[in-house]
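Student: Below is a structure I'd like to ask you about.
The values are calculated or read from the model by the stated rules, or taken from the named source; none is laboratory data. As the structure is a prediction and not an experimental result, all values here were calculated from the model. All Cβ positions, even for glycine, are placed from backbone atoms using ideal geometry, and neighbour counts span all protein chains on display.
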């Protein structure tokens, strides 16, 4: 693997290490390389995570998985009720028949499935104009990832909109503008232009405890369904070990191979092509982050706080 101390790292340095060509764009870098003051950026965002709302969707999915494991013969009917339960159209009463049959011990385990991820969402339209790049915030009524219909993430989810103080500020705008320029550069390499982008930003604060590791990608290696992504810009890590960011290639035979791995420090990020990149560039990139654990039980909980971006070319 390339030397992580020598950021930025691109698909070219990864190709040299692998001894074969990775064609789709990858950029592993940090705020300083974008001309953004890392210390000032981290100081501004580090205290904001406590304002984020808890994410209920993963909890609902895990609760149903728990019931399926407890009542495997009823898997079909339990799964059939998941979509409405997952999006909040129905509540736990849909499953009370099975919940009531759990033993006292199992019921306690079931009730321990509680939210571990805080998050918010916001969306922006960025457009190249004569005097630079304009930024306009637009409403996000619901969020659904552009993935296969059988993937639970394809269902529409409603997340709390990020407060203006979180995203309508110089630091956030400077990062989005810098990523706009990165997209322009990687599109130019395949003779494509871009003058307008949409960026959907996800703040995520994930907790780890002594009883349960933190997991930002419980679905495993995946694509987000966007043209490009910043899979994570880390702005806080507290009392953690693990949480390795992985860039993955899906080979033509369907197998997936990790081509780069790195535990992002605060101020570092990974940008990469996402869905359809194999058609535009020639390499099918996926991504994942491994679970993380508390480093010191005496210090209490551990937290990994990030901002992720789904980026789509509009023009």
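Student: Can you spot a residue in segment 280-293 that is assigned to a helix (DSSP H, G or I) and within 30 Å of residue 192 (Cα to Cα)?
Tutor: yes
Student: Could you list, in sequence order, the residues of segment 190-208 that are part of a loop (DSSP other than H, G, I, E, B) and either in contact with a helix residue (DSSP H, G or I) (Cβ under 9 Å, 6 or more places away or on another chain) or not assigned by TED's automatic domain parsing to the domain that holds residue 50 (or both)?
Tutor: 190, 192, 193, 194, 195
Student: Can you tell me which condition residue 263 does not meet? The list is (1) in contact with a strand residue (DSSP E or B) (Cβ under 6 Å, 6 or more places away or on another chain); (2) modelled with pLDDT of 95 or more, and all the others hold.
Tutor: Answer for residue 263: the failing condition is (1).
Student: Against the condition out of contact with any strand residue (DSSP E or B) (no Cβ under 7 Å at 6 or more places or on another chain) and either in a strand (DSSP E or B) or touching a residue at least 24 places away in the same chain (Cβ under 8 Å) (or both), how does residue 187 come out, does it pass?
Tutor: Yes; evaluated as a whole, the condition is true for this residue.
Student: Here is a further query. Exactly one of (1) in a helix (DSSP H, G or I); (2) modelled with pLDDT of 95 or more; (3) under 27 Å from the mean Cα position of the chain (by Cα) is unmet by residue 98. Its number?
Tutor: Every condition holds for residue 98 apart from (3).
Student: Being within 21 Å of residue 183 (Cβ to Cβ) and in contact with a helix residue (DSSP H, G or I) (Cβ under 8 Å, 6 or more places away or on another chain), is that true of even one residue in segment 43-56?
Tutor: No: zero hits.
Student: Let me ask something else. Specify which of the listed residues (82, 34) is under 30 Å from residue 270 (Cα atoms) and surrounded by 13 or more Cβ atoms within 10 Å (Cβ to Cβ).
Tutor: The conditions single out 34.
Student: I would also like to ask the following. Could you grab me the full set of residues in segment 227-243 that are within 13 Å of the chain's Cα centre (by Cα) and modelled with pLDDT of 95 or more?
Tutor: The answer is 228, 229, 230, 231, 232, 233, 234.
Student: Please tell me if residue 306 is more than 20 Å from residue 172 (Cβ to Cβ) and either in a strand (DSSP E or B) or assigned by TED's automatic domain parsing to the domain that holds residue 187 (or both).
Tutor: No.
Student: Please pick out the residue among 22, 87, 26 that is in contact with a strand residue (DSSP E or B) (Cβ under 8 Å, 6 or more places away or on another chain), surrounded by 14 or more Cβ atoms within 10 Å (Cβ to Cβ), touching a residue at least 60 places away in the same chain (Cβ under 8 Å) and not assigned by TED's automatic domain parsing to the domain that holds residue 219.
Tutor: Testing whether each residue is in contact with a strand residue (DSSP E or B) (Cβ under 8 Å, 6 or more places away or on another chain), surrounded by 14 or more Cβ atoms within 10 Å (Cβ to Cβ), touching a residue at least 60 places away in the same chain (Cβ under 8 Å) and not assigned by TED's automatic domain parsing to the domain that holds residue 219 leaves just 87.
Student: Would you check which residues across segment 38-83 are assigned to a loop (DSSP other than H, G, I, E, B) and either touching a residue at least 40 places away in the same chain (Cβ under 8 Å) or closer than 30 Å to residue 96 by Cα (or both) and list them?
Tutor: 46, 48, 52, 55, 56, 71, 81
Student: Please count how many residues of segment 121-147 are touching a helix residue (DSSP H, G or I) at 6+ places or on another chain (Cβ under 7 Å) and modelled with pLDDT under 95.
Tutor: 3
Student: Which numbered condition in (1) touching a residue at least 24 places away in the same chain (Cβ under 8 Å); (2) part of a strand (DSSP E or B) is the only one that residue 257 fails?
Tutor: Status for residue 257: all satisfied but (1).
Student: Hey, residue 50 hits all of (1) assigned by TED's automatic domain parsing to the domain that holds residue 217; (2) surrounded by 12 or more Cβ atoms within 10 Å (Cβ to Cβ) but one; which does it fall short on?
Tutor: So residue 50 meets the others, but not (2).
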